[in-house]
Amino acid sequence: MQYNGEHLLPGQLGHFLVILSLVCSIVATVAFFKANKLQLTTDKSGWLKLARASFLVETISIFTVFGILYFIVAGHYHEYFFAWNHSSRSLQTRYLLACIWEDQSGSFLLWSIWHCVLGWIIIWKNKTWEAPVLTIINFAQFCIATMLLGIYFFDVKIGSDPFILWRHSMPDLPLFANPDYLKLPKVFEGNDLNTLLQNYWMVIHPPILFLGFASCIIPFGFAYGGLVNKNHDWYKPAIPWASFSAAVLGAGIMMGAAWAYESLSFGGYWAWDPVENASLVPWITLVAGLHTNIIYKGTGYSLRSTYFFYIISFTLVLYSTFLTRSGVLGDTSVHAFTGADMTVQLVLFVLVFFIPIMVLFFKNYKAIPSIQKEESTYSREFWMFIGALVLFLSAIIIIAKTSTPVFNKIFKTNIAPPEDPVFAYNQIQVFVAIIIGMLTAVGQYFKFKNTPAKMFSQKILWPTLLSLVISIAISVWGHISYDKKGIGFLAAIHVAIFASVYATIANAAYIWTALKGKMRSAGASVAHVGFGLVLLGVLISSAKKQVLSWNTTGITVLSKTASEDPAENITLFKGIKTDMGKYHVTYVTDTFNAYERKRFYELEFETKDGKEKFSLYPDVIKNNKGMEGFAANPASKHYWNKDIFVYISSFLGAANNDTTKFDSRILKTGDTSFYSSGFFVVNKANFNPAEFQSKYIPGEKAVFLDVDVVAKNGQKYKANPGIAISKDGLSIRAIPDTVVGQSLIFNFNKVTEKGQLDVGIKETGSLKDLVTLKVYEFPMINVLWIGVIVMIVGFVMSIRKRILQFSKA
């Protein structure tokens, strides 16, 4: 059959380039491997030329593949399943990039692009270690390219082809019997981008996160080079690269936290979600490796540990890839990929790196330089190693808990998740925070190899006392009284607050007392200050997070579930000012933004003393991809010391098919009449009232009634229905009025021959616009975000210092 409107060339070219990149990556792997083995410059040069040429073709292929894929998505060529399944014509242009990494193949492609960029930086800046590091990068590129093939080897499918035609992907669908299937409405429009990903953070967070993941291969590559070449001088150039990886991966993780805070409705920025954990654990072990690397540079200790931490960090990146993409976390994480089953390939991806490198590591273990003499307990390296060990233990605990679905699948067990998963992690990690915070505070005050006890005590005394005073002030006057998990956990929170303040103050003091304010050398201290602020922000914002939306109306449309408590959600009727703790809140209106495809709710907050008034605009967007209902996007009011955070937990719009009829009442001024929930009084009639001039046309004569409505609960309302008589007196039109809070519509029908008033009243469900919302207050959450920025700045300062030192050397 000849299909109309298809564009086949882009897909054919894209698939060819994927295969070309795979071939070039394996050629480059072999060539770089051979170049690394050869000692003679002439022989080595030939292999390096071949390797670089292959890597260049591979790089051009990968970038072109990405460009073609974006062209297909942006052009809405829905004959390709990738374009149809991940985009739509109504999707905003700014989210088109996010369509690419919504899919597994697209995110693999992003990862591959970063490998190319990093590889060329190594070739440009570090030719000594180019061959071994690029051997590893290109072998990883080969493995990733197999994920994009989408071909069958006998009955086994290898990878997922992003350029496959939809009719080839699902040939049995009846719609492909139509040669003009591309014009069918559902095909023409597209299946859209997942609603949760329609956020600006999802355009910038994945590229940064994948740069962090990709960069972890560089320290791994250095470790590989050291083992195969039996040359351990790699530790010097590895420090800035490990710092870069830690900075970028940390930034990527916290961008994900910012996305969760702004887009998800669990009320926070971190939920110990399995995919969050899978990205955090490699960062933890990488930071541990960075510190043992610095130990070795300063003292000659801990090189074996450095090898291990860099090896395990990249391995954990690969393992997190397995967790995220195999579907094993599909029921336990909002972040996990589902769809193409590449479980076998993903397992092999982990093992093909982990097993050979560990064989090399243990084979060369005894040959790795090591000092047998025990470190002094008054030395910097001793406490840095203890800190690295604590970080590693923390990582083991997190990844073990996260891997429960994997254990269940392998061993056919049914280990249930904890009733409170967040506390299951927090009850352990709070003690990790205490230890790491304390070590971060005192670590730099020790010198390498040995430190006189008296000198250490003198330098650390004032930062300790100041930290103690500040932390006590925070605990007491900050009203840190989180006792939901018992007095023991509350005590641990107070100690952790001291540890975080201690880390911040002691490192800030170190810059001025020990470094004499020399900021060029203060990168580590600045990063530690940022880390202390991160801990402090997490502790205060979590321990003092409070619900503001306690249900004061007694009205609820929610049922109690594990994630929602009706008592913590307040229901507002449109136009009705409602008491909510510190505030009066009014649901003013809602509007549908056709471009954003979201319904925005205007909520007006006013403090009870009347000194402050502001509006927030949370929104809801209709779920897609087989999910029912709506996804809520929160809104926040930012202060220097807190955030007011609100999201819609339920809403009810007006009915569109109201069939209720008006009930006519014949009344005169002063009469009282009843309705189901109260009564109303017609006070008087006003002729051509100036306050309602906008409701009638110049030249018309208007009569408006002044009506008081009194509900059963004593609440009073005003209504002013009217009639307008044309200039010639031949036509009369009604001007109805509504009392939203009572779901009433008043109509002034006419004046009877006896001079009485014919008033129509209708009680209708069409006015019951209501919204249920949850409101939190996050005290001092900005301390967390500031801490992240300061920590990354510290990493950048350290990277710059190490690069300058390395260049001079």
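Assorted remarks:
- Those strands (runs of 3 or more DSSP E) of segment 733-809 in which 2 or more residues are in contact with a Gly (Cβ under 8 Å, 6 or more places away or on another chain) occupy 744-751, 770-779.
- Listing of helices (runs of 4 or more DSSP H) fully contained in segment 114-225 that carry 2 or more residues being crowded, with 22+ Cβ neighbours inside 10 Å and in the same structural domain as residue 236 (by TED's automatic domain parsing): 201-215
- Among the residues of segment 555-611, those identified as over 30 Å from residue 92 (Cα atoms), outside any strand (DSSP E or B), free of Cβ contacts under 8 Å to residues at least 60 places away in the same chain and under 29 Å from the mean Cα position of the chain (by Cα) are 559, 560, 561, 562, 565, 566, 567.
- Once segment 518-535 is narrowed to residues that are under 10 Å from residue 798 (Cβ atoms) and modelled with pLDDT of 90 or more, the residue that is surrounded by the fewest Cβ atoms within 10 Å (Cβ to Cβ) is 523.
- The residues of segment 119-145 include none that are under 30 Å from the mean Cα position of the chain (by Cα) and either on the phi > 0 side of the Ramachandran plot or among the charged types (D, E, K, R) (or both).
- None of 8, 69, 17, 40 is modelled with pLDDT of 95 or more, over 23 Å from residue 124 (Cβ atoms) and surrounded by fewer than 14 Cβ atoms within 10 Å (Cβ to Cβ) except 8.
- Among helices (runs of 4 or more DSSP H) entirely within segment 315-432, having at least 2 residues that are touching a helix residue (DSSP H, G or I) at 6+ places or on another chain (Cβ under 6 Å), modelled with pLDDT of 95 or more and surrounded by fewer than 21 Cβ atoms within 10 Å (Cβ to Cβ) singles out 343-363, 380-402.
- The listed residue being more than 16 Å from residue 435 (Cα to Cα), assigned by TED's automatic domain parsing to the domain that holds residue 443, open to solvent by 20 Å² or more (accessible area, probe 1.4 Å) and assigned to a helix (DSSP H, G or I), out of 515, 465: 465
- Here residue 3 does not fit the description of being aromatic (Phe, Trp, Tyr), under 30 Å from residue 176 (Cα atoms), assigned by TED's automatic domain parsing to the domain that holds residue 101 and in a helix (DSSP H, G or I).
- Looking only at residues of segment 710-728 that are open to solvent by less than 50 Å² (accessible area, probe 1.4 Å) and of a type outside the set (A, V, I, L, M, F, W, C), we find that the one that is modelled with the lowest pLDDT is 726.
- Flag if residue 107 is outside the structural domain of residue 350 (by TED's automatic domain parsing), assigned to a loop (DSSP other than H, G, I, E, B) and open to solvent by less than 50 Å² (accessible area, probe 1.4 Å): no
- When restricted to residues that are touching a residue at least 60 places away in the same chain (Cβ under 8 Å), outside any loop (DSSP other than H, G, I, E, B) and more than 25 Å from residue 4 (Cβ to Cβ), segment 78-104 contains 7.
- Here residue 803 meets each of (1) crowded, with 18+ Cβ neighbours inside 10 Å; (2) farther than 30 Å from residue 704 by Cα with one exception, condition (1).
- Look at (1) modelled with pLDDT under 95; (2) out of contact with any Pro (no Cβ under 9 Å at 6 or more places or on another chain) and you find that residue 292 fails only one, number (1).
- Set 616, 572: member being at pLDDT 90 or above, surrounded by 13 or more Cβ atoms within 10 Å (Cβ to Cβ) and at negative phi: 616
The values are calculated or read from the model by the stated rules, or taken from the named source; none is laboratory data. As the structure is a prediction and not an experimental result, all values here were calculated from the model. Using ideal geometry, Cβ is built from the backbone for each residue, glycine included, and neighbour counts are taken over all protein chains shown. Surface areas here come from the heavy atoms of the whole protein model, side chains and all, with no ligands, DNA or RNA. Shrake-Rupley method; radii C 1.70, N 1.55, O 1.52, S 1.80 Å.
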